1. What is the fewest-to-most order of Met306, Met277 by other Cβ atoms lying within 10 Å of their Cβ?
2. Which order results if Glu339, Glu356, Glu113 are arranged by neighbouring Cβ count within 10 Å, fewest first?
3. Suppose each label sits 7 Å from its Cα in the direction of the beta carbon; what would the Gln209-Trp303 distance come out to in nanometres?
4. Exposure proxy check: Asp353, Asp384 ranked by fewest other beta carbons within 10 Å?
5. Suppose each label sits 7 Å from its Cα in the direction of the beta carbon; what would the Ala314-Ala76 distance come out to in nanometres?
6. Quick check: net charge around Asn255, other residues with Cβ under 10 Å of its Cβ, Lys/Arg +1 and Asp/Glu -1?
7. Rank His358, Ala314, Thr294 by how far each Cα sits towards the positive end of the charge dipole of the range 288-398 (+1 on Lys, Arg Cβ; -1 on Asp, Glu Cβ) and give me just the farthest.
8. Using a Förster radius of 41 Å, what is the FRET efficiency between Lys392 and Asp187 based on their Cβ-Cβ separation? Nearest 0.05, please.
Amino acid sequence: MPAVNDFDRRPRALYLPYIYGAITGISLGLVAILILFQSRGNESPVKHLFGATQPTQTQLANYDPGNDITSSRVNAIVLATQRVTPAVVTIQSTSTVRRRIYNLFWNRYFPYERERSNSGSGFIVSSDGHIFTNYHVVASAHTIWVTLADGSREPAELVGRAPSHDLAVLKIDRENLPTAALGDSEDLLVGEWAIAIGSPFGNLLVDKQPTVTVGVISALHRDIKQDPQDEQVFNDMVQTDAAINPGNSGGPLVNGRGEVIGINTAIIGATGADVGMGFAIPINRARYVIDEITQYGRVRDVWVGMTATDVTPALQAGLDLASTSGVLIQGVEEGGPAEKAGLSPGDLLLEIDGVEVHNTDHANRLIFGARVGDSVEMRVIRKDELKNFTLKLEERPTG
């Protein structure tokens with residue numbers, strides 16, 4: 001019979017606590033490792049990319065979220081905002097209102113003056129201090145101040161204006177300023193992101209940091225009136241539901257790439273506050289305005305050289321016109337573009353550049369935005385015969 005030592009005689013239960021302890025330790029270690037890997041997987045891709053929890057503005061501006069956009073707070077809207085906001089400014093202007101007030105005691109009128117303040121927004125388009133805004137923000141102003149995104153405040157000079165387009169160009173005496181990239185307003189899609197940046201109710205806010213609101217492009221090529229009784233028509237506007245309020249005027253409307261595609265200008269609403277229908281001047285028109293101001297010191301008014309009227313049933317019957325469509329040319333100015341093109345009073349204008357003309361407002365809309373030197377094709381009926389003419393637009397004579 002083999003010998004049995006004391007070790008073999010020990011009960012096996014004595015070893016169970018050691019075995020359980022080893023298993024538990026290994027399990028806890030594995031759990032800790034899994035949690036570590038999972039937490040690393042859930043960290044923002046921005047942190048892994050930049051090696052810091054809070055990326056710098058430059059890093060954000062250059063960051064391309066790619067496929068990680070859905071798992072990151074740094075999305076396209078944030079990036080677009082970061083790219084444009086440094087160039088957005090708050091504008092405060094002061095003008096003098098002069099009027100006459102009747103005094104019952106003296107039974108006469110007395111002159112009365114008071115200072116009126118106006119606030120709006122704008123954005124820097126050149127590093128040497130040129131700024132786009134709306135003309136109505138600075139109209140009649142004798143003093144203009146611009147507050148930059150860094151909080152500094154500078155006096156500004158009105159160096160160019162285009163009241164008919166409601167656009168103005170300001171200049172401040174600063175160098176190496178951040179600028180906003182300009183996009184292409186002809187390359188817009190209804191439904192794409194639209195970001196409005198500016199200073200709504202800027203006179204009520206202590207700090208001047210820009211406000212950001214987000215919506216979509218609601219419609220393109222809108223012609224609107226802010227009031228049914230108002231004669232002014234804003235032509236060819238970009239419509240958005242991004243919140244636009246008083247003080248947003250002149251600020252940029254931005255696409256998802258961080259490019260300015262419009263200048264926020266008007267809203268529709270009985271209270272004067274946003275109701276989801278805001279309108280911006282297309283940025284391509286603003287480019288045209290600054291090009292005109294740079295080259296000629298002004299925006300040259302386009303001259304067609306003729307007058308026209310809508311065709312009514314009575315007018316059609318009285319003149320025995322071939323159609324109620326189009327507009328009737330009433331007069332042609334001597335030496336003007338219409339006369340040079342060969343148009344005559346009595347011609348019935350049917351089409352402009354291949355688009356059927358409905359009335360005089362529509363005809364003006366079709367020509368609106370064309371530049372001096374551009375040519376437009378016109379189709380008319382003259383004595384029951386269709387004729388085509390090419391009219392070259394000229395600058396309206398002064399005086």
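1. With the sparsest Cβ surroundings first, the list reads Met277, Met306.
2. Ordered by Cβ neighbours within 10 Å, fewest first: Glu113, Glu356, Glu339.
3. Inter-label distance under the simple model: 5.3 nm.
4. Arranged by neighbour count, lowest to highest, Asp353, Asp384 become Asp384, Asp353.
5. It works out to 5.4 nm between the two label points.
6. -3
7. About the Cα centre, the residue reaching furthest to the positive side is Thr294.
8. 0.90
Each value in this text was obtained by applying a stated rule to the coordinates, not by laboratory testing. Just so it is clear, the model here is predicted, and its values are computed rather than measured. Cβ coordinates were reconstructed from backbone atoms using ideal geometry, including for glycine residues, and neighbour counts include every protein chain displayed.
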